[in-house]
Amino acid sequence: MRSHYCGQLNEAHIGETVSLCGWVHRRRDHGGVIFVDLRDRDGLSQVVFDPDRAETFALAETLRNEFVVRVTGLVRARPEGTVNPELPTGGIEVLAHELEVLSVARTPAFQLDEHASVSEDVRLRHRYIDLRRPEMIDRLRFRSKVSNTIRNFLDDNGFLDIETPILTRATPEGARDYLVPSRTHPGEFFALPQSPQLFKQILMVAGMDRYYQIAKCFRDEDLRADRQPEFTQIDIETSFMDEEGIMSIAETMIRQIFQRHLGVDLGDFPRMTWTEAMRRFGSDKPDLRIDMEFTDIADLMAGVDFKVFAGPANDPQSRVVALRVPGGATLSRKEIDDYTRFVGIYGAKGLAWIKVNDINAGLEGLQSPIIKFMPEDVVHKVLARAQATTGDIIFFGADKINVVNEAIGALRLKVAADTGLVREGWAPLWVVDFPMFETDKEGNLNSLHHPFTAPSCSPEELRDSPATALSRAYDMVLNGTELGGGSIRINRPDMQQAVFEVLGIGEEEAQEKFGFLLNALASGCPPHGGLAFGLDRLIMLMTGASSIREVIAFPKTQSAACPLTDAPGPVSTKQLRELNIRLRETQQQAQQS
């Protein structure tokens, strides 16, 4: 039906007769001549309708925004003074000879050039309109090209693209499963996979050696800007390769993606242990574009009378830190109060601070509500250790370790963003040597990653000291976002049994939940490992989008709903009966009855 896409035309096509198909982006009547900006996924072309062709002109008068049309006409140079240098097609126009209306359109829910003022809910409900916007088309085109680069890279490096099941068995991987009732097995359920983890390990046992998949994964958890209930990950697994080999392949792939699609050389990927990352930044995914770091000062505060600091300083489960913000002395009291409320979101009970107005004037050069509670020598030691200079502000965190890490870590990111202290560019990083386990509020040990991650010690050492055991895990971080992570997996039944024992998973429970994996491990399992990258997050970062919903064609909302299809929705009583399911009456229904 068409000879060219609208965005492909330029001066080289002058004199050619072309056929274009697309949507009416805008129609303008100028002195008896009609101009139509015709749009398709590649861009815009200006089409001119001359009254000399009466029938075509009359039809053009009926055109409205978003009508779908086919135009045949002659490409010619735009008259002098009308060239639009902002458009790739701005030097030409098409003089229409024929016009065919392929589909009429009702008035759209919003104009495509006014999307900024449209709520996200409206955009998602009318996603078929929203996706016509050039920025959305560009992001999905970019995503397609990056996916193609990934496939080509992994194919060239000997990886096999193998699909794994979507309907599988529920397994404890750290988040709630989406469950699917079985009609043919009454009272039993499938689960949608949180990841292809167990299947890709079994593929290694089967001798596939190198596997990859751009896989759909599902987690029934609360959403954030970078989370969706269904998401896409680049899943990789290899045999007979250690951490260094796997990280090298992954790093090379990400380098190639950035070089090819953004023209960016990511430079070195430094290594940092988990312990160092938490000590310096309070986060296992630090943004290295921000120079601010935590300064531990518990030893300086242990003997002061100020209980806000002295209590945590003398508690081995707590932490006292200082965070120096260069130039932060200009912050107003209102801004500081706003930051105090902000850290409260993360459990902090308050936010102490000292403004350094003049470092050479002693206490007279400082401004703070807490100085009166601290000995002068301690104040000077804190300033010296934090390397404070005139014009800085120092914020303090004093609480349980996790509260300080989360609250002051989040404050570090927010203050840097608010005050322009985030450097331009890209800051990649590998975080390594994660703990094997973390302790929950009840004091139980849980896997920090998943229970199939190999520890860097023997089974005996793991049983003797599980709380201090390190894992052979690694995360790739970019600009404070975890791009992906992975680990060397357990390939021996005795090690897997030791991990289960530490987690309180008995032999019977292990056999019930993971019997197929344990049988595979006992059948000759090679050393293996892998990692998975979040494709949605990667594209979000590379395109500068505000959330992953901006790089997914049909995303869910923050409440895990789809406004376009009104999913989730009710099902018929007949369907429920076939699945042997009876719904419990909700509180609202009970009140209405």
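A short reminder: the numbers here are calculations on the coordinates, not readings from a lab. On a predicted model such as this, the values are computed, not experimentally measured, just so you know. Note that we place each Cβ from the backbone using ideal geometry, even for glycine, and neighbour counts take in every protein chain shown.
Observations
- Using a simple spin-label model with pseudo-atoms 7 Å out from Cα toward Cβ, Arg279 and Asp299 lie 1.1 nm apart.
- Loop-located trypsin sites (Lys or Arg not before Pro) in the stretch 48-121 (DSSP state other than H, G, I, E, B) with a sparse environment of at most 14 neighbouring Cβ atoms within 10 Å: Arg64, Arg106.
- The Rg/Rh ratio of the chain, with both radii computed over alpha carbons and Rh defined as the Kirkwood radius, is 1.05.
- Label-point gap, in nm, between Phe240 and Asp156 - each point 7 angstrom along Cα→Cβ: 2.3
- Two-site FRET efficiency, Ile345 against Ala467, from Cβ-Cβ distance with R₀ of 30 Å, rounded to 0.05: 0.55
- Taken about its Cα centre, the chain carries a charge dipole of about 1200 debye when Lys and Arg each add +1 at the Cβ and Asp and Glu each add -1 at the Cβ.
- FRET efficiency for Leu167 and Arg255, using Cβ-Cβ distance with R0 set to 41 Å, rounded to 0.05: 0.65
- Projecting the Cα atoms of Val378, Ala313, Phe342 onto the charge dipole of the stretch 290-422, computed from C-beta unit charges around the Cα centre, puts Phe342 farthest toward the positive end.
- When both the stretch 497-549 and the stretch 279-336 are represented by their alpha-carbon centers, they are found 35 Å apart.
- FRET E, pair Ala206, Glu120, Förster distance 30 Å, beta-carbon r, rounded to 0.05: 0.10
- Around the Cα centre of the stretch 6-103, unit charges on the Cβ atoms of Lys, Arg, Asp and Glu (plus for the first two, minus for the last two) sum to a dipole of about 200 debye.
- Calculation over all alpha carbon pairs of the stretch 262-352 in 10 angstrom steps from 0 returns a P(r) of 13, 34, 36, 13, 3, 1 percent.
- What separates the Cα centres of the stretch 401-442 and the stretch 120-195 is a distance of 28 Å.
- Here is the list for the stretch 354-440: GluC sites (Glu not before Pro) lying in DSSP coil, each with at most 16 other C-beta atoms within 10 angstrom of its C-beta, are Glu424.
- Cα-based helix-to-principal-axis angle, 333-344 vs the chain, degrees rounded to 10: 80
- Working from label points 7 Å from Cα in the Cα-to-Cβ sense, the Asp358 to Ala384 distance is 2.2 nm.
- Pairs beyond 31 Å (Cα-Cα), from Lys307/Lys334; Lys285/Lys556; Lys355/Lys441; Lys400/Lys513; Lys200/Lys285; Lys200/Lys400: Lys355/Lys441; Lys400/Lys513; Lys200/Lys400
- log₁₀ of I(q)/I(0) at q = 0.10 Å⁻¹ - the stretch 290-422, Debye sum with one point per alpha carbon: -0.28
- Spin-label zone in the stretch 391-429 - amide nitrogen under 19 Å from a point set 7 Å from the Cα of Asn314 along the C-beta vector: 398-401
- Computed over the chain, relative contact order equals 13 percent, with contacts defined as Cα pairs under 8 Å that lie 6+ residues apart.
- Positive end of the dipole of the stretch 385-451 (Cβ unit charges, origin at the Cα centre): among Gly425, Pro435, Ile393, the Cα lying farthest that way belongs to Ile393.
- Take every Cα pair under 8 Å whose residues are at least 6 apart in sequence, average their separation, divide by the length of the stretch 6-103, and the relative contact order is 34 percent.
- Among Ile162, Tyr474, Ile92 - extreme Cα towards positive end, dipole of the chain, charges at beta-carbon: Ile92
- Of the GluC sites (Glu not before Pro) found in the stretch 78-174, those that fall in a DSSP loop while having at most 15 other beta-carbon atoms within 10 Å are Glu80, Glu86, Glu163.
- Against the rule of thumb 2.2 N^0.38 Å, how large the Cα Rg of the stretch 6-103 comes out: 0.96
- Charged side chains reduced to their Cβ positions (Lys and Arg at +1, Asp and Glu at -1) give the stretch 326-376 a dipole of some 220 debye around its Cα centre.
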